[in-house]
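The values are calculated or read from the model by the stated rules, or taken from the named source; none is laboratory data. Fair warning: this is a prediction, and the values are worked out from it, not measured in the lab. Cβ placement follows ideal geometry from the backbone for every residue including glycine, while neighbour counts extend to all protein chains displayed.
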Amino acid sequence: MILVFGQTGQVARELQRLAPHAVFLGREQADLTDPSACAAAIRARQPAAVINAAAWTAVDRAEAEEPAAQVVNADSPGAMARECAALGVPMIQLSTDYVFDGAGTRPFAPADPTAPLNAYGRSKLAGEQAVRAAGGAHVILRTSWVFSAHGGNFVKTMLRLGAERDELTIVADQIGGPTPARAIASACLTLAEALRQNPALSGTHHFTGTPATSWADFARAIMDQAGLRAHVRDIPTSAYPTPARRPLNSRLDCSLLTAQFGITQPDWRTHLAEVIAELKGA
């Protein structure tokens, strides 16, 4: 049995489709503001693997509430990882491109130095460090720009705004890989099984959609595939100030994941078409 922390988030919803017999814990069953409760949930259920698909994802709010974000994104994953290590259970921990500073244009490799620009990135980096320190079998999977037909995400926001407005001003100097939540869920299941077979495969990996694009070009693709006429006008990040600084370069080198596990990068354009079709049929 696979135990998943998270129930309503984008990746958790896709895991429910792909692994309906897994056990999913929402806030009522395992509150990530209480690390000891997360460890107890693992101890009580004795799973074959744990996937942590729950997190504090309110990036801007984390600037004002960093201690709370640290508990959810670092302390609780650390408690999960220590319990998993004690039981000999592999753990998959999702992380983010925001652990990097976004300098340059080269895709970041898993071993590159980290230097988060914001509180959210610092909390996720602390979670990575806590999972590694636990000493158990684990994969930390960094991803970026997650989208699906569920929850709040860029695709759904663009579809709403594109239907309401004639013009959208979208940041064009942040470059990254939009990543379908369904592909992340599938990768998590593959990694969990691989770790069960060979715990020595533990490590940190990157997984994003391809090709790399800007938020503005991503928005144009959304308008085109949805048949919306809203014009997308490019603006620099400096014209759209937010409480949390965002990295300009969110490109991630995913070659190590492919080499070790055979997991290839999904083409986000194909998955975007599927998500738009799903939303239209809802």
_Those helices (runs of 4 or more DSSP H) lying entirely in region 173-282 with at least 3 residues among the polar types (S, T, N, Q)_ = 181-197, 255-261
*Tell me, please, whether a residue that is touching a Leu at 6+ places or on another chain (Cβ under 9 Å) and acidic (D, E) can be found in region 98-115.*
yes
*Could you say which residue among R196, R233, R251, R229 is charged (D, E, K, R) and surrounded by 19 or more Cβ atoms within 10 Å (Cβ to Cβ)?*
R251
*Answer yes or no as to whether R122 is closer than 26 Å to M80 by Cβ, out of contact with any strand residue (DSSP E or B) (no Cβ under 8 Å at 6 or more places or on another chain) and modelled with pLDDT of 95 or more.*
yes
_I need every pair where a residue in region 203-214 that is farther than 12 Å from Q260 by Cα has its Cβ under 6 Å from the Cβ of a residue that is of a type in the set (S, T, N, Q), sequence separation at least 6 or different chains._
F207/T143; T208/T143; T208/S144; T208/T179; G209/T179; T210/Q265
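Among the residues of region 270-279, is any within 20 Å of F108 (Cα to Cα), β-branched (V, I, T), surrounded by fewer than 20 Cβ atoms within 10 Å (Cβ to Cβ) and under 20 Å from the mean Cα position of the chain (by Cα)?
Narrowing region 270-279 to residues within 20 Å of F108 (Cα to Cα): none.
Within region 270-279 (the criterion being within 20 Å of F108 (Cα to Cα), β-branched (V, I, T), surrounded by fewer than 20 Cβ atoms within 10 Å (Cβ to Cβ) and under 20 Å from the mean Cα position of the chain (by Cα)), the answer is no, since none of the residues qualifies.
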*asked:* For region 116-142, which positions are surrounded by 24 or more Cβ atoms within 10 Å (Cβ to Cβ), of a type in the set (S, T, N, Q) and under 23 Å from Q260 (Cα atoms)?
replied: none
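If I filter region 62-71 for residues that are closer than 18 Å to T8 by Cβ, surrounded by fewer than 22 Cβ atoms within 10 Å (Cβ to Cβ) and among the β-branched types (V, I, T), do I get at least one hit? Even if it seems obvious, please write down each step before you answer.
So the first thing to find is which residues in region 62-71 are closer than 18 Å to T8 by Cβ, and the list is none.
Within region 62-71, none of the residues are closer than 18 Å to T8 by Cβ, surrounded by fewer than 22 Cβ atoms within 10 Å (Cβ to Cβ) and among the β-branched types (V, I, T).
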*Among (1) part of a helix (DSSP H, G or I); (2) within 15 Å of E128 (Cα to Cα); (3) within 19 Å of the chain's Cα centre (by Cα); (4) not β-branched (V, I, T), where does A55 come up short?*
(1)
*Filter region 72-103 down to the residues that are within 24 Å of T237 (Cα to Cα) and in contact with a Ser or Thr (Cβ under 9 Å, 6 or more places away or on another chain), then identify the one that is surrounded by the fewest Cβ atoms within 10 Å (Cβ to Cβ).*
D101
*If you check S95 against the conditions, is it part of a helix (DSSP H, G or I), of a type outside the set (A, V, I, L, M, F, W, C) and either in contact with a helix residue (DSSP H, G or I) (Cβ under 7 Å, 6 or more places away or on another chain) or under 24 Å from A30 (Cα atoms) (or both)?*
no
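Take A58 and tell me if it is surrounded by fewer than 23 Cβ atoms within 10 Å (Cβ to Cβ), at pLDDT below 95 and not charged (D, E, K, R). If you could, list the steps in order and put the result at the bottom.
Working: surrounded by fewer than 23 Cβ atoms within 10 Å (Cβ to Cβ): yes; at pLDDT below 95: yes; not charged (D, E, K, R): yes.
When the stated conditions are applied, A58 passes them.
Modelled with pLDDT of 95 or more, assigned to a loop (DSSP other than H, G, I, E, B) and in contact with a Leu (Cβ under 9 Å, 6 or more places away or on another chain): does that describe A74? Steps first, answer last, please.
Numbers: modelled with pLDDT of 95 or more: yes; assigned to a loop (DSSP other than H, G, I, E, B): no; in contact with a Leu (Cβ under 9 Å, 6 or more places away or on another chain): yes.
Answer is no for this residue.
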*asked:* Being surrounded by 19 or more Cβ atoms within 10 Å (Cβ to Cβ), among the small types (G, A, S) and closer than 25 Å to G104 by Cβ: is that true of S238 here?
replied: no
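How many residues, within region 118-164, are more than 25 Å from V232 (Cβ to Cβ) and either in contact with an Asp or Glu (Cβ under 8 Å, 6 or more places away or on another chain) or not in a loop (DSSP other than H, G, I, E, B) (or both)? So that I can check it myself, show each step before the final result.
Pass one, region 118-164, residues more than 25 Å from V232 (Cβ to Cβ): 118-142.
Filter once more, so that each one left must be either in contact with an Asp or Glu (Cβ under 8 Å, 6 or more places away or on another chain) or not in a loop (DSSP other than H, G, I, E, B) (or both): 118-134, 138-142.
Total meeting the criteria: 22.
Report, by residue number, each residue of region 33-42 that is part of a helix (DSSP H, G or I) and over 16 Å from I2 (Cβ atoms). Steps first, please.
Taking region 33-42 as the starting set, the residues that turn out to be part of a helix (DSSP H, G or I) are 35-42.
Selection gives P35, S36, A37, A39, A40.
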*Restricting attention to region 151-182, report how many residues are at pLDDT below 95 and crowded, with 21+ Cβ neighbours inside 10 Å.*
0
